Amino acid sequence: MSYYYKHEYGFSTHSIQRIRQRLNLADEEEFKLKEKILKMIEKSTSSFETSRNIYIKTPKNEVYFVVDKFQKTIITATPISPTKQLWLIEND
């Protein structure tokens with residue numbers, strides 16, 4: 001990794017707390033946690049978008065990373081059912 005390498009997405013403080021909680025990574029050091037999350041995003045095969053956010057599925061059942069499109073920041077990790085996903089897309 002280059003000294004000048006910059007990740008595509010940033011992390012909010014809230015997102016770090018929610019990721020630790022919802023993915024059971026409480027004891028993970030923050031820099032290792034961020035690397036794991038970015039790898040999960042890279043490997044994800046399922047996502048959807050609204051006008052403001054990108055929702056990227058995690059390996060854990062129905063938990064999505066929510067990314068602010070304009071700030072390119074992960075703002076939370078939240079469970080999203082298929083019904084809620086449909087609602088988000090239809091009410092955008």
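The values are calculated or read from the model by the stated rules, or taken from the named source; none is laboratory data. The structure presented is a predicted model; accordingly, all values stated were derived computationally and were not measured. Using ideal geometry, Cβ is built from the backbone for each residue, glycine included, and neighbour counts are taken over all protein chains shown. We work out accessible area using only protein heavy atoms, side chains counted, and drop any ligands, DNA or RNA first. Shrake-Rupley method; radii C 1.70, N 1.55, O 1.52, S 1.80 Å.
Out of the residues in the stretch 1-32 meeting the condition of being out of contact with any helix residue (DSSP H, G or I) (no Cβ under 7 Å at 6 or more places or on another chain) and of a type in the set (A, V, I, L, M, F, W, C), tell me which one is modelled with the lowest pLDDT.
It comes out as Met1.
Write out, first by first residue and then by second, each pair whose Cβ atoms fall under 9 Å of each other, whose residues are 6+ apart or on separate chains, and whose first residue, in the stretch 68-92, is acidic (Asp, Glu) while the second is open to solvent by 100 Å² or more (accessible area, probe 1.4 Å) and not in a strand (DSSP E or B).
Filtered contacts from the stretch 68-92: Asp68/Arg52; Asp92/Arg52.
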